[in-house]
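Working notes, beginning with the structure itself.
What follows is calculated from the coordinates using simple rules that are stated; it is not laboratory data. Nothing here was measured: the structure is a model prediction, and the numbers come from that model. Glycine also receives a Cβ, built like all others from the backbone with ideal geometry; neighbour counts cover every protein chain displayed.
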Amino acid sequence: MRKLQSAERVLTEITMKFFASLLMSLSLAATAFAAAPGVTDTQIVVGQSAPLTGPAAQIGIRLRMGIEAYFKQVNAEGGVAGRSLKLVSLDDGYEPPRTVANTKTFLDGGDVFALLGYVGTPTTLAAKPLIDNAGIPLIGPFTGAMGLRTPVDPNIFNIRASYNDETRKIVEQFLFLGLKKIAVFYQDDAYGMAGLTGVQKALAAHDLKPVATGTVKRNTVDVAAALASILPAKPDLIVEIGTYTEVAAFNQQAIAKGYGGQFANVSFVGSEALAKALGPEGNGVIITQVVPFPFSTVTPLVREYQAAMNAAGHKNDYDFTSLEGFIDAKVLVLALRKAGKAPTRASLIEALNGMSNENLGGFTVRFSPDNHSGSDFVDVTSITASGGFRH
């Protein structure tokens with residue numbers, strides 16, 4: 001009898017220790033889960049800083065539109081592991097100090113899990129120290145600057161091709177035609193310098209240099225000095241590294257002064273906004289693109305994008321920028337699905353680094369710990385007389 005009672009006591013102690021250990025494990029797991037900012041049982045919150053007002057507003061507005069269209073599609077299908085996706089977008093007017101302030105808001109509030117679709121080179125570079133210090137992943141910044149790619153930042157995942165890729169495509173196409181007099185009109189900041197460097201590098205490969213350069217200050221249309229610097233060189237081609245308001249002002253005034261050469265832009269310009277701003281004078285203006293043609297139904301990705309835009313209330317309102325936002329959101333969701341049922345920022349980064357050959361439906365993204373440039377896809381398009389696009 002005593003042996004039985006002793007055995008019962010031992011069993012009781014073991015059972016109590018087991019349950020105590022189990023409760024501690026569950027408590028630790030709950031604490032670890034709660035420590036993931038922006039993630040609850042029902043929701044994952046993602047932050048975006050972008051220009052929603054000001055001269056570059058259409059870039060941020062359209063990028064956000066594509067992100068939200070994909071989030072709406074995913075949420076309608078049950079979200080990610082039962083959690084809905086929420087995008088919080090803060091306006092920075094395409095000004096670095098405001099981007100920094102917005103990023104601090106996301107980080108200090110403790111209710112944003114990851115960052116998505118920041119817009120611009122100088123703005124994203126300004127926020128980079130905060131991003132790195134917090135170890136928060138930023139997916140799909142709308143910039144092709146090498147300063148965000150080399151050396152590899154462990155927290156920043158670039159999806160679009162670089163400005164080096166885009167400017168090389170432009171330069172090589174025109175050199176192939178025998179046109180060698182190439183000038184550069186660029187925004188006087190980190191974005192403009194990134195594009196200028198890309199053009200210089202592409203020309204240097206053929207022992208050439210720009211015949212002239214001219215600058216414009218960000219968020220202004222004071223292009224008189226740039227015109228005075230560039231037009232006397234009579235370039236065959238002017239490569240433009242700016243936003244749609246700056247480029248439209250430059251082109252219209254250049255044409256009014258008799259310039260009859262070719263204009264070519266990198267994708268950041270804001271293609272649809274530029275076409276609208278230029279009107280008939282936009283016919284033939286070249287713009288490189290870093291996403292598939294959004295008006296075609298050839299690729300499954302674009303068909304999915306068009307269906308999502310229609311469902312989100314943007315029927316037939318397709319464009320390159322919103323497609324890029326859609327792609328950015330799709331990459332984030334694919335990584336979230338691989339990051340575990342209780343995702344952390346570290347597990348999301350690990351999932352992104354594991355996307356070595358992710359086919360999104362005709363557009364492939366490749367990441368590794370040593371390479372955060374997800375794509376080098378570049379297409380060449382031009383504005384039509386009616387304000388549409390051809391490629």
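Peptides 39-48, 59-68, 239-248, 78-87, ordered by how many other C-beta atoms sit within 10 Å of their residues on average, highest first, read 239-248, 59-68, 39-48, 78-87. One chain, two ends: Lys201 and Ser356. Fully extended at 0.36 nm per residue, the span grows by 53.0 nm beyond their Cα-Cα distance.
Inter-part distance, region 324-391 to region 113-138, computed on C-alpha centroids, equals 17 Å. For the options Gly362, Gly258, Gly195, a Gaussian network treatment of the chain with springs between C-alpha atoms closer than 10 Å singles out Gly258 as fluctuating the most. The value of relative contact order for the chain, using C-alpha pairs under 8 Å at least six residues apart, is 18 percent. Can you give the local net charge around Asn164? Use residues other than it whose beta-carbon is closer than 15 angstrom to its beta-carbon, Lys and Arg +1, Asp and Glu -1. Counting the neighbours of Asn164, the net charge comes to +1. Packing, taken as the mean count of other beta carbons within 10 Å per residue, orders the peptides 263-269, 230-236, 355-361, 134-140 from highest to lowest as 263-269, 134-140, 230-236, 355-361.
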